[in-house]
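Here's the structure we're looking at; comments come further down.
Any read-out appearing in this document is the output of simple, stated calculations on the displayed coordinates, not a laboratory observation. In this text, all values refer to a predicted model and were calculated from it rather than measured experimentally. In this analysis, Cβ positions are derived from the backbone assuming ideal geometry, glycine residues included, and neighbour counts consider all displayed protein chains.
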Amino acid sequence: MEHLIAPSILSCDFANIESECNMLNSSKCDWYHVDIMDGVFVPNISIGLPIVEAFKRYATKPLDVHLMMVNPDRYVKEFKAAGADNLTVHYEACTHLHRTVDAIKSEGMKAGVAINPHVPIENLSCILPHVELICLMTINPGFGGQKLIPEMIGKISDLKQLINKLGLNTKIEIDGGVTVDNARTMLDAGADILVAGSAVFKSANPMATIQKLKSV
Ligand code: DX5
Ligand code: ZN
């Protein structure tokens, strides 16, 4: 599969949602990555349902919503109604992860599970057959613009091996510190989807950066 690019709108200009969407719509990106932070699971608050709805009004590509929040089960239906196409919850935030994943799928969304950098890959083996994607956090979640933790590269290949060993087609999404310079290394290690926030939106030409990420 050709890899996918999911710019993280966390780093976009929220005063100009329509023009940011127009740029993303005409770029080579595949998904919009939408980061929801509750100030409890992570030490930061980002955006909520009304802003997701606003992006949905203009986006011509799927919304890949990443919930960095406690009790995500309570909001599965709300995020579906707001326009989420993929819904990713954190392994560390779900006591009954299979139940949460089932709820996401029964709403007709693709289900994803994200794991923090300290969580071993082996912890995913029971949930892997049930999800479309695993979001590997290559930074500690909460903020854009952080530097990738180098040991995470080995974790990408370990996850790829586990997916292959189980005969699955689960996609690996990388989130945190992705740049044009390190993208090839992550793809070679087994990444399928690259999330990039500051690398895209803080660059001089976001469209051109997306094109570069797509063609590395
Ligand atoms: C961080 C978020 C990321 C973030 C990535 O907690 O989950 O999606 O926007 O930002 P960059 O690409 O700047 O590391
Ligand atoms: Zn994210």
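Can you tell which of Asn116, Cys12, Val76 lies farthest toward the positive end of the dipole of the chain, using +1 and -1 charges on the Cβ of basic and acidic side chains (Lys, Arg; Asp, Glu)?
Cys12
So which trypsin sites (Lys or Arg not before Pro) in the range 39-75 are both in a DSSP loop and have at most 13 other Cβ atoms within 10 Å of their Cβ?
Sites meeting the loop and neighbour criteria: none at all.
Restricting to Cα pairs below 8 Å that are 6+ residues apart, what does the relative contact order work out to for the chain? Please round to a whole percent.
Reported relative contact order: 22 percent.
Taking +1 at the Cβ of each Lys and Arg and -1 at the Cβ of each Asp and Glu, which of Leu97, Ser27, Gly145 sits farthest along the dipole of the chain towards its positive end, judged by Cα position relative to the Cα centre?
The residue sitting most towards the positive pole is Ser27.
Run the dipole for the chain about the Cα centre, Lys and Arg Cβ at +1, Asp and Glu Cβ at -1, nothing else charged, and hand back the magnitude in debye, nearest 20.
Using Cβ point charges on Lys, Arg, Asp and Glu, the chain gives about 240 debye.
Which of the trypsin sites (Lys or Arg not before Pro) found in the range 111-216 are in a DSSP loop and have at most 15 neighbouring Cβ atoms, other than their own, within 10 Å?
Loop-located and lightly packed - Lys147, Lys202.
Each residue of the range 186-197 in order: what ³J(HN,Hα) in whole Hz does its phi give by Karplus 6.51 cos²θ - 1.76 cosθ + 1.60, θ = phi - 60°, with x for Gly and Pro?
Listing the rounded values in order: 6, 5, 5, 6, x, 5, 10, 10, 10, 8, 8, x Hz.
From the helices alone, meaning DSSP H stretches of at least four residues, give me the mean residue ellipticity at 222 nm for the chain, per-run term -39500 (n - 2.57), in deg cm²/dmol to the nearest 500.
Taken over the chain, the calculation gives -9500 deg cm²/dmol.
Contour minus end-to-end for Arg99 and Lys28, with contour as 0.36 nm per residue of separation and end-to-end as the Cα-Cα distance?
22.1 nm
Using a 10 Å Cβ count of at most 12 others and DSSP loop calls, identify the longest part of the chain lacking such GluC sites (Glu not before Pro).
By the stated rule (loop sites, at most 12 other Cβ atoms within 10 Å), 3-150.
Work out Dmax and Rg for the range 4-215 from the C-alpha atoms and quote the Rg first, both in angstrom.
Just the Cα atoms of the range 4-215 yield Rg and Dmax of 15.8, 46 Å.
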